[in-house]
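Let me begin by presenting the structure, written as structure tokens, before commenting on it.
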Amino acid sequence: MSPAQAAQVADVSRWTIMRAIKSGDLQAFRDNKNQWRIKNDDLNAWLSAHPAQCAHSVQEAVDAHHAHTPAHPDPIAQDTLELVRVKAELEAEKTLRATVEADRDHWRELAQKLAESRPRKWWFW
């Protein structure tokens, strides 16, 4: 997923995600379009290892939630958050698949060009 999608899932700012990537705390890679991509497992590992990074935003969300709702948890809000997370994961997987398919097609094209080329003469006369 992109840093913006990861930030949405983690409920932090995009800049927090970028700082974590730059510092090496959050594992990420660049795709063929030179854009940062984050795997779900890496994001989950970062969230579990750095709960303080998103504690302020989580606490603010909990406080805001308690101020506007009764004592019982809102299943619709939880479902909405889960839906946003799943959509971000799906988008990341689609992007990764498109990148891999483009790379595959490029290599296939190169292999076909090599296979179709004339055989070389190894002697110069």
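Scanning segment 9-52 for residues that are of a type outside the set (Lys, Arg), crowded, with 19+ Cβ neighbours inside 10 Å and touching a residue at least 40 places away in the same chain (Cβ under 8 Å) gives Val9, Ala10, Val12, Ile38, Leu43. Of all the residues in segment 57-114, those that are in a helix (DSSP H, G or I), modelled with pLDDT under 75 and surrounded by 12 or more Cβ atoms within 10 Å (Cβ to Cβ) number 4.
The values are calculated or read from the model by the stated rules, or taken from the named source; none is laboratory data. None of these values were measured; they are calculated from a predicted model. Please note: Cβ atoms are built from the backbone with ideal geometry, for glycine as well, and neighbour counts cover all protein chains shown.
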